[in-house]
Amino acid sequence: MKFNPMKANKIKLMPSKRPGNTWQFTAFFCTLVLLGGCQLTAPSPATGAKNIHNQASLSPANFSQYYLSLKQLNPAELLDEIERVSQAKKQRENQAQKAQDFKDDIYLLLLKALPSSPIYNPYNAKDQLNQLPKEVLSLSYLKAEDLALLSLLKDQLNEQLYAQARITALEQEKGLSQQKFNRQLGGLQSSLTELQQKLTQLKNIETAIDKHGQ
């Protein structure tokens, strides 16, 4: 067997695998994976700004709790609350604030939708509810429970106004029927009066004939 010096030199020149190099490569690879994961899971600046905007635009009022508290007030306390909300609304309008706040508007329509309220007016409450912008009647402005309350209130007001319109129509129909009945009754009474007059005339003629015959 012949000894090949070139092969021996190649064997001596081949670098050996060191444990230190393997550990450094593993650490570098893990670092890249962690960095990539952070980039995938971290919210984008636009998303973060959108979330902050939505949280800032939510009304601080709790309208569902407010409506429940109204049901506990007596008439005098309700009048005080109506005056307080009305003054707050006027003050806001006089200040001409750039950022519109519909809190007092919703308070007032809840007061008008409450049956025990001195200013109970379902027609006006429904009209004010319809005038609220779509942006207000959304989860970007209202809490979920408040949006549910106003949605339910809108449905109830619609049903109530429909029922009231039906009652009014029936009353009008009844009134027309009563008028028709009264006209028919008046006609019958006139006919009866005419018959009585004719009977009286016939009796008078009969009496006159009898006297003439005697």
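Could you tell me how many of the residues in region 46-70 are at pLDDT 60 or above and loosely packed, with under 10 Cβ neighbours inside 10 Å?
Number satisfying all stated conditions: 1.
For region 106-148, give me each residue that is open to solvent by 60 Å² or more (accessible area, probe 1.4 Å), of a type in the set (Phe, Trp, Tyr) and part of a helix (DSSP H, G or I).
123
For residue 101, all conditions in the list (1) closer than 15 Å to residue 63 by Cβ; (2) crowded, with 17+ Cβ neighbours inside 10 Å hold save one; what is the number of the exception?
Only one criterion in (1) closer than 15 Å to residue 63 by Cβ; (2) crowded, with 17+ Cβ neighbours inside 10 Å is unmet by residue 101, namely (2).
Of the residues 104, 146, which is within 19 Å of residue 71 (Cα to Cα), without any contact (Cβ under 8 Å) to a residue 40 or more places away in the chain and touching a helix residue (DSSP H, G or I) at 6+ places or on another chain (Cβ under 6 Å)?
Result: 104 is the single residue among 104, 146 that is within 19 Å of residue 71 (Cα to Cα), without any contact (Cβ under 8 Å) to a residue 40 or more places away in the chain and touching a helix residue (DSSP H, G or I) at 6+ places or on another chain (Cβ under 6 Å).
Listed residues 168, 200; which is open to solvent by less than 70 Å² (accessible area, probe 1.4 Å) and free of Cβ contacts under 8 Å to residues at least 24 places away in the same chain?
None of the other options fit; the residue is 168.
Are any residues in region 134-143 under 11 Å from the mean Cα position of the chain (by Cα) and free of Cβ contacts under 8 Å to residues at least 12 places away in the same chain, and if so, which ones?
Those that are under 11 Å from the mean Cα position of the chain (by Cα) and free of Cβ contacts under 8 Å to residues at least 12 places away in the same chain: 134, 138.
Inspect region 70-88 for any residue being free of Cβ contacts under 8 Å to residues at least 60 places away in the same chain, in contact with a helix residue (DSSP H, G or I) (Cβ under 8 Å, 6 or more places away or on another chain) and part of a loop (DSSP other than H, G, I, E, B) and give the result as yes or no.
yes
Take residue 176 and tell me if it is assigned to a helix (DSSP H, G or I), modelled with pLDDT under 85 and over 11 Å from the mean Cα position of the chain (by Cα).
So residue 176 fits the description; yes.
I'm trying to understand the selection: among the residues of region 183-197, which are open to solvent by less than 80 Å² (accessible area, probe 1.4 Å) and either among the polar types (S, T, N, Q) or outside any helix (DSSP H, G or I) (or both)?
Correct list: 190, 191, 193.
Looking at the structure I just gave you, is residue 151 buried (at least 19 other Cβ atoms within 10 Å of the Cβ) and either out of contact with any Cys (no Cβ under 9 Å at 6 or more places or on another chain) or part of a loop (DSSP other than H, G, I, E, B) (or both)?
no
Looking for something more than 15 Å from the chain's Cα centre (by Cα), in a helix (DSSP H, G or I) and closer than 25 Å to residue 82 by Cβ - is there at least one such residue anywhere in region 164-171?
yes
The values are calculated or read from the model by the stated rules, or taken from the named source; none is laboratory data. Since this is a predicted model, take the numbers as computed values, not measurements. Cβ coordinates were reconstructed from backbone atoms using ideal geometry, including for glycine residues, and neighbour counts include every protein chain displayed. The area values use the complete protein model at the heavy-atom level, side chains included, leaving out ligands, DNA and RNA. Shrake-Rupley method; radii C 1.70, N 1.55, O 1.52, S 1.80 Å.
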